[in-house]
Amino acid sequence: MKITIDRTDEGFLVVLNGRVDTTNYNAFENSIAHLYNEKGAAIYLDCSGLDYISSSGLRIFLTLQKKVKVQGGMLKIFAMQPQIKEIFDISGFSSIFSIYPDYETAKHAG
Amino acid sequence: MNRNRLSFKIIVRVLLFCFILGGSIFTIYYLFARKTIERESRENAIHLAESAVYKIEEIINPAEMIPNNLAWIMETNTLSRDSIYAFLKQLVRNNESVFAGAIAFEPHMFSEEEYAFAPYAYRSGEEIRSRDLWSPAYNYFIMDWYQIPALLKKPYWSEPYYDEGGGGVLMTTYSAPFYRNINNSRVLAGIITIDISLEWLTEIVNSVKIFDTGYAFLISGNGVYVTHPNASHIMNQTIFTYAKEIDEPKIREIGRDMISGRSKFSNVDLKEIGKVWIYHTKIPSSKWSLGVVYPHREMYAGLRNLNIMIFMLSTVALVLLTIATIRIINRQIGPLSKFARAARSIAGGDFDTELSAVDENHEMKELHDSFRFMQEELTKYIADLKETTSAKEKIESELRIARGIQTDMIPHIFPPFPNLPEIGLYASLESAMEVGGDLYDFFPIDDDHLCFAIGDVSGKGVPASLFMAVTITLIRSMSDKNRSCAQIVESVNKTLTINNESNMFVTLFVGILNLRTGELQYCNAGHNPPVLLNRNQEPRMFSNTKAIPVGIFEVFDYRDETVVLDKSDQIFLYTDGVTEAEDADKNLFGEAALIKSLSENRDKSSKELTDRVKQSVKEFVNGHTQSDDITMMCITYWGKNENKIK
């Protein structure tokens, strides 16, 4: 797993690569935890490099979404690989996250 | 001493170094000393030779003066026969080194009437006698001593000879011509000679002492030995015959150099005394040459003695050095062995092992201190470890108990409802190493309704298992015949969401099967869609749910859905542990493989079907460690009045 977080004009761009599973979800959470306190931040989560996510990882997505909303911000996820999208579909998470095909669409969507 | 010991290695290296160093110093010293000795010996040889030559010259030069002076007298004065005799006698008497003297006149030169006249004075015992050398038997004009200087018109030293008349002593004759002015022209008038004994020469040359066997020798212009410590050589051998005798061409070369009047050093091997140096130089007034012989062995004898002394001293020094080194090293690194013993003893578990004290403040002390530090730290660490291990063991045993409780919370007696022939049910939960959060449950609500559920708590470990226990308890307590599946899920969701700070969630599928009609009401909260199997159709999955897992939002509109089962239809439920089972290359088992396995086994009983799928998964992962709980549940609906359990 490899995460890069960049501050952009729109807010934050989080690029997630590799696998998020029970062995490293803690590291994942630690590296994005500082975003929990960003007031009104728009966070763009690039999942194009994400190969696998376990339920532990989904929990962190969920936490991030909740925290960001409390701070008046929003979380936009884009460019999911099909197998990741499937996990989101199966678990019904597709309905509670804002998911976009790519960065451009995510930026321009309300 | 053990060859592998550090002390041994140090000693060997130190001694080797000393040996090489000593050897180098000695070699340099030896070469230098040898060179010095050589140089001094050369100088000494030259000096000896020169001083001998000087002594010889000291005698020869005055001897040469006599005929020269006499020649002058004879050229300017005309003496009578008697006065010539008297004059000659007086001359011999006055010059100790002169054995005899003669004035040999050219024919008719002394007087017209006399053909030849050669007055001669000589020693005979204590007396000095005189006579005329001329006799018809002794025609002196053809003698070398006369002829050579007469022809050369210059003085001449004869080859040495034994004079029979003079008591067999070794003699040489110096002959010088004298002239007279006749009719204004300078005409040879005769030859003046003096005979000199060479005894004194032998004395001078033999007095040159070089060590024990070194010597000096003199050869004449023809190479005849004039003096030599071996008396049999004198007058009997020339240097060339000697060279031939001992078969040493170098001597011949030396001989040639000597008679041509050169001064030179040569190295040569002489039979009698071994390797020698020969330095030779000429006697300027004659054609003779003096040689000094320097025996190598004796020349370097002092050096050799010194070498033996140095060698013995070095040996003693080396032995002392060895002993001292061994003692010093053993004393200095001795503690190492003790430390090693202590380390073994510590490794054996005795942490209180006493360390031998090191007094001096150097590296050994440092080692001692670090060792002591290690000992203390190790003791502390072991104590800590004991504590944490016991704590860990406690946790582990608690975890084991937790897993036991968790397992006990799910039903695991099959077939579960022997008195319900309408259904065949089998379920299995295989835990991964860690306590997981999978759950399943089934129970009759009333005579006609069976409630069942399958779920997966996000994450793993104790938090997940606690969450699972709460969930399973909630499902049981919330299910009654007045609630639909969606209502049960909503109630569970509401309770779980309150104070769920950690945002844990459960994917949950709850179904209520009407045993009489086959109607299945269900609510899927984010769980993997179950598979519906019909004997005559390919397996098909329930559609994906739009509902999110429970525990996320307190208020969420969960909906009921309904499907009607035909007799002998089967529902296969599973958690993501099945579809996301990984092989060593992190490939996932996947839904397609699941469907395939189910399709191949759709005429099997619930238990068999479950076992086959389990087997397929096992074959797929091929021994790779299971990372998630694998939970499966299969329900076969037989319908009413079908008295069969499958």
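Values for this structure:
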{"read-out": "Compactness index (Cα Rg / 2.2 N^0.38 Å), the stretch B:412-637", "value": "0.97"}
{"read-out": "Heavy-atom accessible area order for B:Arg403, B:Arg297, B:Arg327, largest first, 1.4 Å probe", "value": "B:Arg327, B:Arg297, B:Arg403"}
{"read-out": "Taking the stretch B:412-637 and dividing mean pair separation by its residue count, relative contact order in percent (alpha carbons under 8 Å, at least six apart)", "value": "25 percent"}
{"read-out": "Per residue, the convex hull volume that the Cα atoms of the protein assembly as shown enclose (Å³)", "value": "394 Å³"}
{"read-out": "Other protein chain Cβ atoms within 10 Å, averaged over every residue that makes up A:81-92", "value": "5"}
{"read-out": "Accessible surface of B:Ser80 - all protein chains present, 1.4 Å probe, nearest 10 Å²", "value": "60 Å²"}
{"read-out": "Residue-averaged [θ]222 nm for chain B, counting only DSSP H segments that reach four residues, each worth -39500 (n - 2.57)", "value": "-15000 deg cm²/dmol"}
{"read-out": "Cα principal axis extents for the stretch A:2-108, largest first, Å", "value": "30, 28, 23"}
{"read-out": "Efficiency of FRET between A:Ser31 and B:Lys567 - r from beta-carbon atoms, R0 60 angstrom, step 0.05", "value": "0.65"}
{"read-out": "11 Å reach of a label modelled at B:Thr213, 7 Å along Cα-to-Cβ, counting backbone N of the stretch B:254-273", "value": "B:270-273"}
{"read-out": "Solvent-accessible area per residue for the stretch B:111-246 (1.4 angstrom probe, square angstrom)", "value": "49 Å²"}
{"read-out": "Protein-protein interface of the stretch A:46-77, residues with accessible area decrease of at least 40 Å², isolated chain reference, 1.4 Å probe", "value": "A:Tyr52, A:Ser55, A:Arg59, A:Leu62, A:Lys66"}
{"read-out": "Ranking by accessible area, most exposed first, for A:Thr22, B:Thr27 with a 1.4 Å probe", "value": "B:Thr27, A:Thr22"}
{"read-out": "Summed buried accessible surface, chains A and B, 1.4 Å probe, nearest 100 Å²", "value": "1900 Å²"}
{"read-out": "Mean separation of Cα contacts under 8 Å, 6 or more apart, over the residue count of the stretch A:9-110: relative contact order %", "value": "29 percent"}
{"read-out": "Probe 1.4 Å - accessible area at B:Tyr85, Å² to nearest ten", "value": "40 Å²"}
{"read-out": "Computed over the stretch B:208-295, Kirkwood Rh from alpha-carbon pairs, angstrom", "value": "12.6 Å"}
{"read-out": "Residue-normalised accessible area of the stretch B:1-92, given per residue in Å² at a 1.4 Å probe", "value": "65 Å²"}
{"read-out": "Members of the stretch B:582-604 that become less accessible by 20 Å² or more once partner protein chains are added (1.4 angstrom probe, chain alone as reference)", "value": "B:Glu582, B:Lys586, B:Leu588, B:Glu591"}
{"read-out": "With Cα atoms, 0 to 90° folded angle of helix B:606-621 axis to chain B main axis", "value": "20 degrees"}
{"read-out": "Global geometry of the stretch B:1-94, whether rounded, prolate or oblate, following the gyration tensor of its Cα atoms and the 1.5 cut on a/c", "value": "prolate"}
{"read-out": "Estimated FRET transfer efficiency (B:Thr353, B:Ser397; beta-carbon r; R0 25 Å; 0.05)", "value": "0.15"}
{"read-out": "37 °C / 0.692 mPa s Stokes-Einstein diffusion coefficient of chain B, Kirkwood radius on C-alpha pairs, µm²/s", "value": "85 µm²/s"}
{"read-out": "Relative contact order [Cα under 8 Å, 6+ residues apart], chain B, whole percent", "value": "9 percent"}
{"read-out": "Computed accessible area, B:Lys55, all protein chains, 1.4 angstrom probe, square angstrom", "value": "90 Å²"}
{"read-out": "Solvent-accessible area lost in complex, 20 Å² minimum, residues of the stretch B:501-529 relative to chain alone, 1.4 Å", "value": "B:Ser502, B:Asn503, B:Phe505, B:Gly526"}
{"read-out": "Trypsin sites (Lys or Arg not before Pro) restricted to DSSP loop in the stretch B:507-560 with at most 10 other C-beta within 10 Å", "value": "none"}
{"read-out": "Kirkwood-Stokes translational diffusion coefficient of the stretch B:56-197, alpha-carbon pairs, 4 °C, 1.567 mPa s, µm²/s", "value": "85 µm²/s"}
{"read-out": "Order of exposure, largest accessible area first, which applies to B:Cys523, B:Cys18 with probe 1.4 Å", "value": "B:Cys18, B:Cys523"}
{"read-out": "Share of carbon and sulfur in the accessible heavy-atom surface of the protein assembly as shown [1.4 Å probe, %]", "value": "54 percent"}
{"read-out": "Length added when fully stretched, B:Phe141-B:Leu31, from 0.36 nm per residue minus Cα-Cα", "value": "33.5 nm"}
{"read-out": "Inter-site label distance for B:Ser345 and B:Ser80 at 7 Å from Cα along Cβ, in nm", "value": "13.1 nm"}
{"read-out": "Calculated FRET efficiency for the pair B:Arg129/B:His108, C-beta based, R₀ 25 Å, to 0.05", "value": "0.40"}
{"read-out": "Solvent-accessible area per residue for the stretch A:2-108 (1.4 angstrom probe, square angstrom)", "value": "41 Å²"}
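The values are calculated or read from the model by the stated rules, or taken from the named source; none is laboratory data. Keep in mind that what you see is a predicted model, and the values were worked out from it rather than measured. So basically every Cβ, Gly included, is an ideal-geometry build from the backbone, and we count neighbours across all protein chains shown. Keep in mind that these areas ignore ligands, DNA and RNA; they rest on the heavy atoms of the full protein, side chains included. Shrake-Rupley method; radii C 1.70, N 1.55, O 1.52, S 1.80 Å.
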